[in-house]
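Contents: one structure, followed by commentary.
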Amino acid sequence: MSTEPLPLPELLPIAPAGRRSSADADERRLLGLVMQGDMAAFETLYRIYHPRLSRFLQRMLRPPHLVEEVLNDCLLVVWHRAERYNFTSRVSTWIFAIAYRKALKALSRHDDPVAWDDENAQGQVADEARPEDRLGRTQQRAAIERALERLSSDQRAAVELTYFHGFSYPEIAAIVDCPVDTVKTRMFHARRRLKLALGGGLEDWL
């Protein structure tokens, strides 16, 4: 079973490992200050993670009010329970694990799926692109979003955490609380379903 990720370079560039390590060191320092009740440090972490968690939770939950509710619950845990972080993982792994658990609880209370709207995809296209480029990229992203919608929630979470947030399989396993081999299996089936849904090779789309 192949575990190599499919290339999704245009969706979100992943920072080099060295830069991620530096960012995590900064976040560990900030979280250490949060443990001491430093509100300014928490506000900095909030600004860092609000957009990242918003994107992740939108994939899982869709309804804006539910996304915001879960996001705020997650960040409140960071503020009130920062001492639970044990410095054995990246800060991002710990925070995304909190968000994932909160999202699962929300899904158990609200089980009505919300369909993806092409207008949502259009809003993600860069404004500086030429009109014909924007149209092509909008259609491309909409096709990818529709393909992602066909995945199970577990598969979609694995794809999102891999391609859009740069987590490794062991980190994803820690976030979703399952064995690494289970993450690999989910990614294997997700890649196969995405290829079928998109038609042809992914290189035709990305």
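Throughout, read-outs are computed from the coordinates displayed, never taken from laboratory work. This structure is a prediction, so every number in the text was calculated from the model and none was measured. So basically every Cβ, Gly included, is an ideal-geometry build from the backbone, and we count neighbours across all protein chains shown.
In which sequence would MET187, MET60 go, from the one with the fewest C-beta neighbours within 10 Å to the one with the most? Can you show the working numbers first?
On the way: MET187 24, MET60 20.
Lowest count first: MET60, MET187.
If r is the Cβ-Cβ distance from ASP73 to VAL180 and R0 is 22 Å, what FRET efficiency results, to the nearest 0.05?
Details: r = 28 Å, r/R0 = 1.25.
After rounding to 0.05, the efficiency reads 0.20.
According to the square roots a ≥ b ≥ c of the eigenvalues of the Cα gyration tensor, what is the shape class of region 13-113, taking rounded for a/c under 1.5, prolate for a/b larger than b/c otherwise, and oblate for the remainder? It would help to have the intermediate numbers written out before the result.
On the way: a/c = 2.11, a/b = 1.53, b/c = 1.38.
The shape class here is prolate.
Using the charge dipole of region 13-113 (Lys, Arg: +1 at Cβ; Asp, Glu: -1 at Cβ; taken about the Cα centre), state which of TRP94, HIS80, GLY32 has its Cα farthest towards the positive end. Of TRP94, HIS80, GLY32, it is TRP94.
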